[in-house]
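Before any comments, here is the structure.
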Amino acid sequence: MDVLAVKGITKYYGKICALNNVSFSIPQGSVYGILGPNGSGKTTLLGIIMNILRQNSGTFELFGELPVSHVRRRIGTLLETPNFYHYLSGEKNLQIAAAIKQKGAGDIDKVLKMVNLDDRRQSKFSTYSLGMKQRLAIASCLLGDPEVLVFDEPTNGLDPVGISEIRELIISLAKQGKTIIMASHLLDEVEKVCSHVAILKYGNLLTAGKADEVLVNEDIVEISAKDLDQLEHLLNTFQGVSQVKRLEHVIQAVFPPGKADTEEVNRFCIDHGLLLNHLILKKKSLEALFLEITKN
Ligand code: ATP
């Protein structure tokens, strides 16, 4: 089942088109990364889903229904960061959050354990590290046991330890069956944490799907010979090659990551009577792929 189905959403701020006819679906149980550079429309999209903003056109469904308020209550969000009281303990702050939300008062012990703050529950909020503050905010989202969690840049501003704690927490929440929708501008984060990804740029959806299908790195063997036509033809018959690209002076044979063997390619060409005058292996990283996808 899809937790969220976005259908042709467009949003303008005056003349700025923040989202342009965006459509994609989020399956239940996924950790869905909405990836894009600054200003690509991620926060706007999450704001629309959470009813903080209104789209100009398009619709979306939550759990197969129109997004009415009882359906929204099945979602916990960090979009509106809770205002915690600095002089009160983590536990007391959660009691206040539960009272405001009118849900989850009986969940406090459980959520403190889930975010690994049980042993610091009596400490004042002001004594928490940034990472602990963020974990308390996530604990507040978990009150009322929502099925879906929506996070906007959940590791922003944290140090490496805090970042890794939040990422581990997201992975563990997913293992407990939560669907997680998170915006991030960090390719590395999405790759480490997310099962699915949608890539946005200037409000346009560039691609969406399973992370291991969208974010594939690849090996490229760049080859040249006197007769490029013959070389191109021959490489298309080479086993294991996923794509043969003809550039101006060279041919690129694309292989799945770790699968390119330059010696094999060389031997294959010689065995077929073609002498190579150029042969190098290039590894295309995800970083390069992301830049390629999002460049002008
Ligand atoms: P970031 O990672 O920097 O937060 P984002 O991908 O979340 O970026 P949005 O914040 O959704 O992107 O912004 C998308 C576009 O809409 C940008 O061009 C931004 O300047 C514009 N925008 C966002 N909010 C407003 C607003 N309240 N008024 C006018 N323009 C806005």
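The values are calculated or read from the model by the stated rules, or taken from the named source; none is laboratory data. Predicted model, so just to flag it, every value in this text is computed and none were measured. Glycine gets a Cβ as well: all are built from the backbone with ideal geometry, and neighbour counts include every protein chain shown.
Key figures for this structure:
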{"read-out": "Total residues in segment 124-164, condition part of a loop (DSSP other than H, G, I, E, B) and either out of contact with any strand residue (DSSP E or B) (no Cβ under 6 Å at 6 or more places or on another chain) or under 23 Å from D188 (Cβ atoms) (or both)", "value": "13"}
{"read-out": "Failed condition for A105, given (1) farther than 25 Å from L169 by Cα; (2) surrounded by fewer than 15 Cβ atoms within 10 Å (Cβ to Cβ); (3) of a type outside the set (K, R)", "value": "(1)"}
{"read-out": "Filter result for V221 (more than 32 Å from the chain's Cα centre (by Cα) and either farther than 30 Å from T44 by Cβ or in contact (Cβ under 8 Å) with a residue 60 or more places away in the chain (or both))", "value": "no"}
{"read-out": "Subset of segment 173-187 [in contact (Cβ under 8 Å) with a residue 40 or more places away in the chain, more than 9 Å from the chain's Cα centre (by Cα) and assigned to a helix (DSSP H, G or I)]", "value": "L173, A174"}
{"read-out": "Among residues of segment 1-35, those that are buried (at least 17 other Cβ atoms within 10 Å of the Cβ), within 9 Å of the ligand (Cβ to nearest atom) and over 16 Å from the mean Cα position of the chain (by Cα), counted", "value": "3"}
{"read-out": "Matching residues in segment 175-204 - criterion: being touching a strand residue (DSSP E or B) at 6+ places or on another chain (Cβ under 7 Å) and among the basic types (K, R)", "value": "K178"}
{"read-out": "Filtered residue count, segment 3-30, keeping only those that are not in a strand (DSSP E or B) and not basic (K, R)", "value": "4"}
{"read-out": "In segment 175-206, the residues that are within 16 Å of the ligand (Cβ to nearest atom) and β-branched (V, I, T)", "value": "I181, V190, V197, I199"}
{"read-out": "Criterion violated by I96 - all others in (1) free of Cβ contacts under 8 Å to residues at least 40 places away in the same chain; (2) in contact with a strand residue (DSSP E or B) (Cβ under 8 Å, 6 or more places away or on another chain); (3) closer than 24 Å to S126 by Cα; (4) surrounded by 15 or more Cβ atoms within 10 Å (Cβ to Cβ) satisfied", "value": "(2)"}
{"read-out": "Filter result for N38 (within 14 Å of the ligand (Cβ to nearest atom), assigned to a loop (DSSP other than H, G, I, E, B) and either surrounded by fewer than 15 Cβ atoms within 10 Å (Cβ to Cβ) or not assigned by TED's automatic domain parsing to the domain that holds H196 (or both))", "value": "yes"}
{"read-out": "Residue count for segment 41-93, restricted to those that are within 21 Å of A183 (Cβ to Cβ) and either within 15 Å of the ligand (Cβ to nearest atom) or not in a helix (DSSP H, G or I) (or both)", "value": "32"}
{"read-out": "Options I170, I166, I138; residue that is surrounded by 18 or more Cβ atoms within 10 Å (Cβ to Cβ), over 21 Å from S89 (Cα atoms) and of a type in the set (V, I, T)", "value": "I170"}
